[in-house]
Amino acid sequence: MKKLLLTLLAVLLIIEEWLWDFLSACGHYLALWLRLESVERWLSRTSPPMALLAIAVPIMIVTPINLAALSLLVHGLLLQGILLELFAKLLGTLLVARVFSLTKPQLLTFTPIAFIYHTVSGWLRWAHGKIAETAIYRFAKQLKADVKAKIKAWLA
């Protein structure tokens, strides 16, 4: 049972890592494509209260999409509701990840945010420590490295 739980945890953490890396890269390239370098520079140097406001913007963007997905689910449109919720989660992660990476030092000046961040980071370190030696995790890490190398070679 313990091995099964560690395997499931490994799979979840692998998916989380891959999505976070992919969505962070997408956010970076989207910002370049939209020519938002000056906005990003401003965000990285903004005050803590402004950083808090900036992190609230993606939440305000995604919340109506979540509510629309819930409405679809309530009205029996399961596939549409699930797909819209999946889109909202991916968009929210992309936006929040990008804004958080730019404003992290300012946001961590707020005690509740710092507490949550350090608590969750501690849980993730613990989980990574537990699953790092599992075969599926090692396999996925190698697969990820191979895929990255092939993409780099293809783009070069």
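The values are calculated or read from the model by the stated rules, or taken from the named source; none is laboratory data. All figures in this text were calculated on a predicted structure; none of them were measured in a lab. Cβ sites come from the backbone with ideal geometry, for glycine too, and all protein chains shown count toward neighbours. When the accessible area is computed, the model is the full protein with side chains, heavy atoms only, and any ligands, DNA or RNA have been set aside. Shrake-Rupley method; radii C 1.70, N 1.55, O 1.52, S 1.80 Å.
DSSP H helices in the chain with Cα extent of 24 Å or more along the helix axis and mean Kyte-Doolittle hydropathy at least -0.5? Walk me through the intermediate numbers first.
Working: long enough: 2-33 (46 Å, 1.20); 48-74 (39 Å, 2.03); 78-107 (40 Å, 1.22); 111-131 (30 Å, 0.26); 135-155 (30 Å, -0.03).
The qualifying helices are 2-33, 48-74, 78-107, 111-131, 135-155.
According to a simple spin-label model (label point 7 Å from Cα along Cα-to-Cβ), what is the distance in nm between V120 and L30?
Those two pseudo-labels are separated by 1.7 nm.
If you average 1/r across every pair of different Cα atoms in the chain and take the reciprocal, what Kirkwood value do you get, in Å? Before the final figure, lay out the partial values.
Numbers: mean 1/r = 0.0553 Å⁻¹.
After inverting the pairwise mean of 1/r, the radius is 18.1 Å.
Taking the Cα-to-Cβ direction at T111 and at K152 and moving 7 Å from each Cα, how far apart do the two end points lie in nm?
Calculated label separation equals 4.4 nm.
For the stretch 1-81, state which trypsin sites (Lys or Arg not before Pro) are in a DSSP loop and have at most 14 other beta carbons lying within 10 Å of their beta carbon. Could the numbers behind the result be given before it?
On the way: sites: K2, K3, R35, R41, R45; in loops: R35.
Passing both the DSSP loop test and the Cβ count: R35.
Among the lysines, select those whose C-alpha is under 25 Å from the C-alpha of K89, and discard any that sit fewer than 8 residues away in the same chain.
K104, K141, K144, K148
Share of the stretch 2-129's accessible area from carbon and sulfur, percent, 1.4 Å?
C and S fraction of accessible area: 78 percent.
Would you tally the net charge around A97, using a Cβ to Cβ cut-off of less than 15 Å, leaving A97 out, and scoring K and R as +1, D and E as -1?
Numbers: positive: K89, R98, K104; negative: E16, E17, D21, E40.
Neighbourhood net charge equals -1.
Take the alpha carbon atoms of the stretch 36-73, find their center, do the same for the stretch 92-156, and report the distance between the two centers in whole angstrom.
Between the Cα centres of the stretch 36-73 and the stretch 92-156 lies a distance of 20 Å.
Just from its helices, what would the mean residue ellipticity at 222 nm be for the chain, if runs of 4 or more DSSP H residues each count -39500 (n - 2.57) and the sum is divided by every residue, rounded to the nearest 500 deg cm²/dmol? If you can, show how the numbers build up before the last one.
On the way: 6 runs with 140 residues, N = 156.
Here the helix-only value at 222 nm equals -31500 deg cm²/dmol.
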